[in-house]
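Okay, so here's the structure we're looking at.
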Amino acid sequence: MGWRRWDEAWQEALYGPGGFYRRAAPAEHFATSAQGLGATGALLAESLLLLAERHGLTRIVEIGAGRGELLTALAAMSPDTELVGVDIVDRPEPLPPEVSWIRSPGGAPLPDELTGLTDTLLVAHEWLDVVPCPVAARGPDGTWHAVLVAPDGSEQPGPPVAGPDLDWLRGHLPAEVDRAEIGRPRDAAFADLSARVRTGLVLVVDYGHLAADRPLHGTLTGYRDGTQAPPVPDGSCDLTAHVALDSLGADHVRSQREALHDLLGRAELPSHDLSRTDPTGYLRLLTRANALATLTSPTGLGAFWWATSLRSSPDLG
């Protein structure tokens with residue numbers, strides 16, 4: 001059956017020679033705040049520009065940029081901001097010429113040339129959830145075992161988890177959890193992101209959980225053609241799992257709802273009187289209010305997490 005650890009099968013299924021992300025655009029299979037959700041993408045771009053301005057940053061680098069949807073919105077709003085996209089595919093054809101592009105190996109590894117960044121907002125939007133990690137399940141005697149998977153998605157228990165992976169499980173999971181994704185690769189990926197910025201801000205936006213609300217049975221799942229699907233590591237679907245945000249070591253973690261209310265204010269419907277005096281302006285403000293309400297819904301996108309770390313290299317004064 002070709003049994004392998006989930007992280008190994010996951011890496012090949014998404015980023016191998018015939019991997020899902022080498023063939024498919026993310027927006028074809030699921031919608032995010034940045035891709036496939038219309039006005040919300042523009043509003044997210046606006047919030048990032050405000051965040052960069054707040055910290056005096058002149059460059060925005062997006063990790064896992066897909067086909068450049070968010071970067072295109074950023075370029076339209078702020079032509080003077082230096083923009084760089086990083087993803088596993090070649091530069092997308094419709095990307096504005098002022099946007100630079102760097103090919104990534106795929107998964108947690110990042111391009112060698114992406115280093116020593118200054119005055120940079122480094123954004124990883126829904127990237128960590130597709131960084132592959134081991135999956136473990138607790139046996140009847142309480143011992144954690146690696147979960148092995150076959151190409152058709154069948155699973156069986158593997159060897160006992162040991163070493164740093166076991167330390168991570170014991171340090172971050174309560175006793176009632178019986179299956180989990182081991183977050184060490186995501187922690188290392190966040191540390192790598194932070195190490196590549198000399199001065200600026202590292203921002204990870206993703207869905208996930210904190211220590212107080214760990215999922216009891218794990219979160220690994222698949223997405224195909226806009227629909228949630230069983231996780232099968234054959235390259236036919238996206239494979240994703242929630243991120244343990246509190247284990248990353250970020251300076252601050254807050255909900256997207258809190259972050260966007262801080263940057264953009266709260267969603268307020270325009271006065272209906274404006275529809276008579278300025279119909280175009282009324283529709284513009286109404287669209288903005290609806291998009292902000294979507295992005296900050298406490299039971300939807302507003303429940304995403306923003307994890308940030310401020311970087312300031314002492315040798316740069």
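What angle, in degrees between 0 and 90 and rounded to the nearest 10, separates the Cα long axis of helix 279-295 from the longest principal axis of the Cα atoms of the chain?
20 degrees
Among rounded, prolate and oblate, which fits segment 256-317 when a ≥ b ≥ c are the square roots of the eigenvalues of its C-alpha gyration tensor, a/c under 1.5 means rounded, and a/b larger than b/c means prolate? Present the calculation step by step, with values, prior to reporting the outcome.
Values: a/c = 4.78, a/b = 2.09, b/c = 2.28.
In terms of gyration-tensor shape, oblate.
In nm, to one decimal, how far is the Asp213 label point from the Ala25 one, both placed 7 Å along Cα→Cβ?
Roughly 3.3 nm, to one decimal.
Return the distance in nm (one decimal) between the two label points of a simple spin-label model at Asp273 and Glu155, each offset 7 Å from Cα along Cα→Cβ.
It is 5.9 nm.
Angle, helix 163-172 long axis vs. longest principal axis of the chain, Cα atoms, 0 to 90°, nearest 10?
Rounded to the nearest ten degrees, it is 60.
Given only helices, namely DSSP H runs of n ≥ 4 each adding -39500 (n - 2.57), what is the per-residue ellipticity at 222 nm of the chain, to the nearest 500 deg cm²/dmol?
Working: 9 runs with 91 residues, N = 317.
Rounded to the nearest 500, it is -8500 deg cm²/dmol.
Just the accessible area per residue of the chain, please: how many Å² with a 1.4 Å probe?
Result: 44 Å² of accessible area for each residue.
Express the carbon and sulfur contribution to the solvent-accessible surface of segment 87-217 as a percent, rounded to the nearest whole number, probe 1.4 angstrom. Mind dumping the intermediate values first?
Numbers: 2970 of 5430 Å².
Ligands and nucleic acids excluded, carbon and sulfur reach 55 percent.
Would you work out what percent of the accessible area of segment 238-317, with all protein chains in place, is carbon or sulfur (probe 1.4 Å)?
Numbers: 2240 of 4340 Å².
C and S fraction of accessible area: 51 percent.
Search the structure for amide H atoms under 5 Å from the amide H of Leu148, placed 1.01 Å from N in the peptide plane, and list their residues when 5 or more places away or on another chain.
Gln156, Gly158
The values are calculated or read from the model by the stated rules, or taken from the named source; none is laboratory data. Just so you know, these numbers come straight off a predicted model, no measurement behind them. So basically every Cβ, Gly included, is an ideal-geometry build from the backbone, and we count neighbours across all protein chains shown. Ligands, DNA and RNA are excluded from the accessible area calculation, which covers all protein heavy atoms including side chains. Shrake-Rupley method; radii C 1.70, N 1.55, O 1.52, S 1.80 Å.
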